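What follows is a short report on a single structure.
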Amino acid sequence: MLQRIILLCIILVFMACQSNKPTQPTSERILDTIPEFLADSAYLILKNQCEFGPRTLGSDAHEKCGQYIVREFERFGCKTSLQKATFTRYDGKKFEGYNIIAQTDSKAQKRIMICTHWDSRPWCDADFDSTKWHQPVLAANDGASGVGVMIELARILQEKPLSYGVDFVCFDAEDMGTPMWENSTTDNADTWCLGSQYWANHPHNNSISFAILLDMVGGKGATFYQEGYSLRYAPHIVNKVWNIAAQTGYRDFFPTEKGGFITDDHVPMNITAKIPTIDIIPYYPMLSNAFGPVWHTSQDNMENISPLTLKAVGQTLIQFLYTEQTHDN
């Protein structure tokens, strides 16, 4: 009899422990099923762009790389279109260019946008060697990295579609702003981000809920502080992305400290198009050049690209996209 009582007590204690055992949150169970972002794939797409050479407007490399980007998005099931425009440089010279638009599930009502720029800066005007100031930037990080991440995202979304649509937009003519050697009085924000300025006045889609801009997301030693305009216009998206980065194990890449206010493609998105948009862009507070040592120099090449940085940004975005899907349920 005593043995039975002891056995019964053991069973009751075990059952109580089981009933009090915390269950895994639903969101964490869902996150466990999220696909892996392949940094090597993004790296290869980045490298392929650089092999065309600097993608400055009017160059053969610009045209061939644009065709390559369109083919890659189409290869992964996106519906593509070109938004052609005439861009006027700071000095009055005009260039023909185009924004590249690629959509997943183009009929979906809910849509978010991920964007970057794909052109190269015409001048290495921040180079330590003044003899290189008039050479174009290869722009491995400052241009090709964002495209590489987005096309890898498109590949994943083709394999495991979302319940909503994603619009990938590659802005042209972002980096044609006034060079450093010009008189500072001629430099103003309007000379930069010409492709996104055009898009903001002629959006291809009026149902974008919010947007995420990628700029220089493949550099060695990059850390992505919370950019000022992003916090002003879309703080809720900043909080979501940075929290997911921490959950995914990339807190060191996404510190919660505030960065500066940066003139970038997200500014016309927020101010003109009225679409809440954040900017994932590196910030180097300890350097005189806050955008990093290779920004707008001849050193922005494949040697200074890190697959670890591509992975941190790409996996955070994948986690974010599929987590955002659960909010509809």
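Some notes on this structure:
- Scan of region 271-286 for residues that are open to solvent by less than 20 Å² (accessible area, probe 1.4 Å) and more than 19 Å from H236 (Cβ to Cβ), ordered by number: P282
- The number of residues in region 204-243 being free of Cβ contacts under 8 Å to residues at least 60 places away in the same chain and under 19 Å from V267 (Cα atoms) comes to 15.
- Selection of region 36-63 for residues being of a type in the set (D, E, K, R) and either surrounded by 17 or more Cβ atoms within 10 Å (Cβ to Cβ) or not in a loop (DSSP other than H, G, I, E, B) (or both) yields D40, K47, R55, D60, E63.
- Considering residues of region 240-257 that are loosely packed, with under 14 Cβ neighbours inside 10 Å and of a type outside the set (G, A, S) only, the residue farthest from Q319 (Cα to Cα): E257
- Residue satisfying all of: in region 87-109; charged (D, E, K, R) and outside any loop (DSSP other than H, G, I, E, B); farthest from L317 (Cα to Cα) among these: K94
- Single match in P293, P268 (criterion: open to solvent by less than 40 Å² (accessible area, probe 1.4 Å) and closer than 21 Å to E174 by Cα): P268
- Screening T86 against (1) surrounded by fewer than 21 Cβ atoms within 10 Å (Cβ to Cβ); (2) out of contact with any Gly (no Cβ under 9 Å at 6 or more places or on another chain); (3) not basic (K, R) leaves a single unmet condition, (2).
- Number of residues in region 169-188 that are farther than 29 Å from K64 by Cα, of a type in the set (A, V, I, L, M, F, W, C) and touching a residue at least 60 places away in the same chain (Cβ under 8 Å) equals 0.
- Number of residues in region 45-66 that are hydroxyl-bearing (S, T, Y) and within 13 Å of H117 (Cα to Cα) equals 1.
- Any hit, region 95-106, residues being modelled with pLDDT under 95, small (G, A, S) and open to solvent by 10 Å² or more (accessible area, probe 1.4 Å): yes
- Filter result for Y250 (without any contact (Cβ under 8 Å) to a residue 60 or more places away in the chain and either within 24 Å of H202 (Cβ to Cβ) or in contact with a helix residue (DSSP H, G or I) (Cβ under 9 Å, 6 or more places away or on another chain) (or both)): no
- Residues of region 64-82 classified as open to solvent by 40 Å² or more (accessible area, probe 1.4 Å) and in a helix (DSSP H, G or I), total: 5
- Residue among T88, T116 that alone is in contact with an Asp or Glu (Cβ under 8 Å, 6 or more places away or on another chain) and among the hydroxyl-bearing types (S, T, Y): T116
- Hits in region 274-329 - residues which are at pLDDT below 95, assigned to a helix (DSSP H, G or I) and of a type in the set (D, E, K, R): E324
- Within region 51-81, the set of residues being among the hydrophobic types (A, V, I, L, M, F, W, C) and in contact with a Lys or Arg (Cβ under 7 Å, 6 or more places away or on another chain) comprises F52, A61, C65, F76.
The values are calculated or read from the model by the stated rules, or taken from the named source; none is laboratory data. In this text, all values refer to a predicted model and were calculated from it rather than measured experimentally. Cβ atoms come from the backbone with ideal geometry, glycine included; neighbour counts cover every protein chain shown. To get the accessible areas, we keep the full protein, side chains included, count just its heavy atoms, and leave off ligands, DNA and RNA. Shrake-Rupley method; radii C 1.70, N 1.55, O 1.52, S 1.80 Å.
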